[in-house]
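In what follows, a single structure is set out as structure tokens and then discussed.
Just so it is clear, none of the values below were taken in a lab; they were calculated from the coordinates. The structure displayed is predicted, hence computed values, not measured ones. Don't worry about glycine lacking a Cβ; one is built from the backbone with ideal geometry, like all the others, and counts go over all protein chains shown.
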Amino acid sequence: MADLEVLKNAVIKGDQNTAKEVVSAALAEGMAPETILNDGLIAGMNVVGAAFKKNEVYVPEVLIAARAMKMAMEILEPKLVEAGVEPVGTVVIGTVKGDLHDIGKNLVAMMLKGAGFNVVDIGTDVPADQFVNAAKENKAKLIALSALLTTTMPMMEETVKAVAAAGLGAKVFIGGAPVTQDYADKIGAAGYAADAASAVDVAKELIN
Ligand code: B1M
């Protein structure tokens with residue numbers, strides 16, 4: 001019988017082949033796709049996220065785990081859709097205008113996916129109106145902004161204002177090495193996350 005503890009550990013170790021095998025076996029046995037997602041894949045990514053927060057694992061380990069999750073999700077996703085399993089929520093994510101750094105943003109996107117969010121990644125160097133349009137198109141209730149340069153941080157404020165002006169009811173949360181909670185408060189962002197694992201916690205708080 002397919003063992004979700006094995007699936008969880010495969011994600012933690014970044015073992016794509018085992019992750020794919022267990023997902024396929026579990027589906028063949030008739031296990032509910034949502035159970036496989038929550039008790040196997042997301043459970044594994046939660047462990048990786050918590051270890052990353054405590055500096056027990058680093059960026060490469062998170063990327064490898066996220067890759068294993070992604071490969072397994074390719075098998076699981078059509079079944080989740082068939083079963084009508086709704087994502088936790090939709091997040092539009094991007095790096096603000098003028099800023100090309102995307103390693104941190106990609107990690108945040110992966111962790112959010114790992115936590116069951118539908119993530120719309122609109123890339124780097126993204127102007128405020130593009131965040132607004134993407135949120136509208138995807139009916140996203142959350143918008144995550146990344147900035148790595150002190151010179152591009154003001155684009156976060158511009159984006160927060162543009163989202164408010166568009167009246168979408170979407171909440172903006174921000175992060176990136178030079179960004180702080182104080183800055184988030186100052187520009188009226190709904191939240192701040194210091195790292196990718198915290199971004200998941202903040203996203204869950206904001207969506208509720
Ligand atoms: Co650039 N760069 N860079 N760079 N670069 C920094 C950021 C810098 C601190 C280096 C330095 O001088 N010591 C400095 C910024 C100084 C400042 O403004 N304070 C800098 C500079 C100046 C520049 C250029 C201007 C250099 C030049 O051309 N003269 C230029 C700007 C280009 C541009 O964007 N327009 C530039 C270019 C580049 C590269 C292209 C070479 C490359 C980027 C490649 C890429 O991203 N694809 C690059 C890199 C790699 C860095 C450093 C070395 C590493 C950044 C990184 O990826 N860290 C960086 C120095 C450093 O940080 N040590 C530096 C790893 C990543 C996992 O961490 O991105 O912080 P981080 O993400 C974390 C958290 O911040 C948080 O979670 C992530 C995971 O835990 N987080 C979020 C991030 N986004 C979030 C969004 C959220 C929530 C949390 O949403 C809610």
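Rounding to the nearest 10 and keeping the result within 0 to 90°, find how far the Cα-based axis of helix 103-114 lies from the longest principal axis of the chain.
Orientation of helix 103-114: about 50 degrees from the principal axis.
Which of 7, 192, 69 sits farthest toward the positive end of the charge dipole of the chain, with +1 on the Cβ of Lys and Arg and -1 on the Cβ of Asp and Glu?
192
How big is the charge dipole of the chain about its Cα centre, in debye rounded to the nearest 20, if each Lys and Arg gets +1 on its Cβ and each Asp and Glu gets -1 on its Cβ?
For the chain, the charge dipole is close to 300 debye.
Given axes a ≥ b ≥ c from the Cα gyration tensor, I'd like to know whether region 90-207 is rounded (a/c under 1.5), prolate (a/b larger than b/c) or oblate.
The shape class here is rounded.
Loop-only check: which trypsin sites (Lys or Arg not before Pro) in region 103-178 are DSSP coil with at most 12 other Cβ within 10 angstrom?
139
Can you tell me which aspartates and glutamates have their Cα less than 14 Å from the Cα of residue 54? Leave out same-chain residues fewer than eight positions away.
195
Apply the Debye scattering formula to the chain, with a single equal point scatterer on each alpha-carbon and no solvent, then give log10 I(q)/I(0) at q = 0.15, 0.19 Å⁻¹.
Relative scattering, expressed as log10 I(q)/I(0), comes to -0.89, -1.24.
Return the Cα extents of region 48-122 along principal axes one, two and three, sorted largest first, each rounded to a whole Å.
Result for region 48-122: principal-axis Cα extents of 37, 32, 18 Å.
For region 4-82, report the translational diffusion coefficient in µm²/s to the nearest whole number, using Stokes-Einstein at 10 °C, 1.306 mPa s, and a Kirkwood Rh over Cα pairs.
This corresponds to a translational diffusion coefficient of 131 µm²/s.
Which residue, 164, 114, 25, has the largest displacement toward the positive end of the dipole of the chain when charges sit on each Cβ (Lys, Arg +1; Asp, Glu -1)?
164
What do you get for trypsin sites (Lys or Arg not before Pro) in region 1-92 restricted to DSSP loop and a cutoff of at most 11 other Cβ within 10 Å of the site's Cβ?
Those that pass, being in a loop and sparsely packed, are 54.
Modelled label-to-label distance, residue 85 and residue 54, 7 Å Cα→beta-carbon offset: nm?
Label at residue 85, label at residue 54, 2.7 nm between them.
Given the -39500 (n - 2.57) contribution per DSSP H run of 4+ residues, what per-residue ellipticity at 222 nm results for the chain, rounded to the nearest 500 deg cm²/dmol?
Value at 222 nm, helices only: -17500 deg cm²/dmol.
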